[in-house]
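Novice: Sharing a structure below in structure tokens format, with a few things to ask.
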Amino acid sequence: MATITPDMTMQQILGVVPAAQRALFQRYHVGGCSSCGFQPTDTLAQVCRDHNLLDVNEVVQTILRAGETDAHCQVDVTQVKAWLDAGEDFSLIDVRPPDEAALARIEAAEQLDFNDSGKYMSLPKDRRIVFHCRSGVRSLDVASYFIGHGFTNVWSMRGGILAWSREVDPSIPQY
């Protein structure tokens, strides 16, 4: 199991637990934007002090559980395909920028409208939403953002459109 101490820098912590920033945002709304962010050279103790997080040991435990949290909100491409084939009601949202989405796309996916975040924040908090990107990293960040805002049925498509191309529809180009 990983070891994290309050004197470690955030860069060191992210090297040990790559999901740490998502976990901090989900639990404490820390690290998600410039107003609540931190520097890679800040120690965990500094981040806790700067954001009034009094129980550093609890923050450490939250970070250590981050990998479990990431695993919990990921869904395999074959499951997403099964939901589509069954006609289940959910939102499949492509979080890639338009120029990247133009290279390859899943027909059923809606392009994220970066200019209208209210459109998504007004969805029912229990609506099933599946986010996807190229490889599953950016969509995990977006899913984490939604989880941090109280959404309870949010998923990131594991492996992104690359996995979709390999496992579901080889006609979709890989880039």
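Every read-out reported here was derived from the displayed coordinates using simple, explicitly stated rules and does not represent laboratory data. Here the structure is a predicted model, which is why all the values come from computation and not from measurement. With ideal geometry, Cβ positions are generated from the backbone for all residues, glycine too; neighbour counts draw on all protein chains shown.
Novice: Tell me which of Thr3, Gly37, Ile63 sits at the most positive position along the dipole axis of the chain, charges placed on C-beta atoms (Lys, Arg +1; Asp, Glu -1).
Specialist: Farthest along the dipole direction, towards plus: Thr3.
Novice: Please report the relative contact order for the range 10-70, taking Cα pairs under 8 Å with a sequence separation of at least 6, and give it as a percent rounded to a whole number.
Specialist: Contact order relative to length: 40 percent.
Novice: Got a sec to turn the phi values of the range 40-52 into Karplus ³J(HN,Hα) couplings, 6.51 cos²θ - 1.76 cosθ + 1.60 with θ = phi - 60°, whole Hz, x for Gly and Pro?
Specialist: Taking θ as phi minus 60°, the curve returns x, 8, 5, 7, 4, 4, 4, 4, 4, 5, 5, 10, 6 Hz for the range 40-52.
Novice: Given the -39500 (n - 2.57) contribution per DSSP H run of 4+ residues, what per-residue ellipticity at 222 nm results for the chain, rounded to the nearest 500 deg cm²/dmol? Provide the component values of the computation, followed by the final result.
Specialist: Numbers: 10 runs with 77 residues, N = 175.
For the chain, the value works out to -11500 deg cm²/dmol.
Novice: Write down, largest first, the equivalent ellipsoid semi-axes of the chain in whole Å, where each equals the square root of 5 times an eigenvalue of the alpha-carbon gyration tensor. The partial results should precede the final answer.
Specialist: Numbers: eigenvalues 200, 56, 44 Å².
Values for the chain, descending: 32, 17, 15 Å.
Novice: While we're here: Over the range 1-44, calculate the relative contact order: mean separation of alpha carbon pairs under 8 Å at least 6 apart, over the residue count, as a percent. Kindly include the intermediate steps, with their values, before the conclusion.
Specialist: Values: 41 pairs, mean separation 20.6, N = 44.
Taking the mean separation of contacting Cα pairs over the length of the range 1-44, I get 47 percent.
Novice: Which residue, chosen from Asn52, Trp164, Val142, occupies the Cα position most advanced towards the positive end of the dipole of the chain, where the dipole is computed from +1 (Lys, Arg) and -1 (Asp, Glu) charges on Cβ about the Cα centre?
Specialist: Asn52
Novice: Considering only C-alpha atoms, what is the centroid distance from the range 135-175 to the range 6-68, in Å?
Specialist: Answer, in whole Å: 24.
Novice: Using θ = phi - 60° and the Karplus form 6.51 cos²θ - 1.76 cosθ + 1.60, what ³J(HN,Hα) does each residue of the range 19-35 get, whole Hz, x for Gly and Pro?
Specialist: Once rounded to whole Hz, the list reads 7, 4, 5, 4, 5, 5, 5, 4, 7, 10, 6, 10, x, x, 8, 5, 6.
Novice: Moving on to the next point. Run the quick spin-label model on Glu88 and Glu167: label points 7 Å from Cα toward the beta carbon, then report their separation in nm to one decimal.
Specialist: 1.4
Novice: Now, a different point. Using modelled backbone amide H atoms (1.01 Å from N, in-plane), which distant-in-sequence or interchain residues come within less than 5 Å of Ile93's amide H?
Specialist: For Ile93, the qualifying residues are Glu110, Val130, Phe131, His132.
Novice: Rounded to the nearest 0.05, what FRET efficiency do Cys36 and Phe114 give with R0 = 22 Å and r taken as the Cβ-Cβ distance? Could you check?
Specialist: On the way: r = 20 Å, r/R0 = 0.89.
The pair Cys36/Phe114 has a calculated efficiency of 0.65.
Novice: About the Cα centre, and with charges only on the beta carbon of Lys, Arg (+1) and Asp, Glu (-1), how big is the dipole of the range 73-167? Nearest 20 debye, please. Don't skip to the answer; put the middle values down first.
Specialist: Numbers: 11 positive and 14 negative charges, 47 e Å.
So the dipole magnitude of the range 73-167 works out to roughly 220 debye.
Novice: Would you mind estimating how fast the range 73-167 diffuses translationally, via Stokes-Einstein at 20 °C and 1.002 mPa s with the Kirkwood radius over Cα pairs, in µm²/s? Could the numbers behind the result be given before it?
Specialist: Working: Rh = 13.2 Å.
Using the Kirkwood radius from Cα pairs, D works out to 163 µm²/s.
Novice: Taking only Cα atoms and a 10 Å spring cutoff, compute GNM fluctuations for the chain and point out the largest among Asn153, Asn52, Asn115.
Specialist: Per the Cα network of the chain with a 10 Å cutoff, Asn115 tops the list.
Novice: Considering only the other residues whose Cβ falls under 10 Å of the Cβ of Gly159, what net charge follows from Lys and Arg at +1 and Asp and Glu at -1?
Specialist: On the way: positive: Arg134, Arg158, Arg166; negative: Asp76, Glu167.
That sum, taken over residues with Cβ under 10 Å, equals +1.
Novice: Divide, for the range 10-70, the radius of gyration over alpha carbons by 2.2 N^0.38 Å, where N is the residue count.
Specialist: Details: Rg = 10.2 Å, N = 61, 2.2 N^0.38 = 10.5 Å.
Normalised Rg, Cα atoms only: 0.97.
Novice: Hey, what did the chain get for relative contact order, percent, Cα under 8 Å, at least 6 apart? Provide the component values of the computation, followed by the final result.
Specialist: On the way: 264 pairs, mean separation 39.3, N = 175.
Computed over the chain, the figure is 22 percent.
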